[in-house]
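Right, one structure below, let's go through it.
The values are calculated or read from the model by the stated rules, or taken from the named source; none is laboratory data. Keep in mind it's a predicted model, so treat the numbers as computed, not measured. Backbone-built Cβ (ideal geometry, glycine too); neighbour counts: all protein chains shown.
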Amino acid sequence: MRKFQVTVNGNTYEVDVEELTGSHRSGSKPSVAVQPTINETKKASSGSGPVSLKVEAPMQGKIVDIKVSEGGNVEAGDVIVILEAMKMENEVVAPSKGTIVSINVATGQSVNAGDIILTMS
């Protein structure tokens, strides 16, 4: 894997790109791991509750697979969804260790950059 910094529509993303060898089959889609944008919010009740992370789509595309379920635990870097953009499958990864509170997208759904994919705690 090689790391690159890419700027799309004024937003900067760090991506991991796998270098393929001659065994790569023609016609298959390449895969890129994308670190999503996150928004942290505290629970409104007392201000000292757990932090909630809203994971946003890093780019416009179509959700082709959801790799987690509500209530499931993830580690930082675990793939949470596969987002297809410009015929390329992008792995959106968990920004940190946590529990999936809600999933706001469905397989086949189109999303815009900044749309909330899921919420973690």
Checklist entry - Restricting attention to segment 96-115, and to residues there that are in contact with a Ser or Thr (Cβ under 9 Å, 6 or more places away or on another chain) and under 21 Å from residue 8 (Cα atoms), which single residue is surrounded by the fewest Cβ atoms within 10 Å (Cβ to Cβ)? => result 114
Next on the checklist: What are the pairs with Cβ atoms under 8 angstrom where one residue, in segment 99-116, is touching a residue at least 24 places away in the same chain (Cβ under 8 Å) and assigned to a strand (DSSP E or B) and the other, located anywhere, is of a type in the set (Ser, Thr, Tyr) and surrounded by 14 or more Cβ atoms within 10 Å (Cβ to Cβ)? Sequence gap at least six, or different chains.
Outcome noted: 100/119; 101/52; 101/119; 102/119
Next on the checklist: What are the pairs with Cβ atoms under 6 angstrom where one residue, in segment 1-16, is within 20 Å of residue 94 (Cβ to Cβ) and the other, located anywhere, is in a loop (DSSP other than H, G, I, E, B) and polar (S, T, N, Q)? Sequence gap at least six, or different chains.
Outcome noted: 14/35
Next on the checklist: The conditions are (1) at pLDDT below 95; (2) under 14 Å from the mean Cα position of the chain (by Cα), and residue 22 fails exactly one of them. Which is it?
Outcome noted: (2)
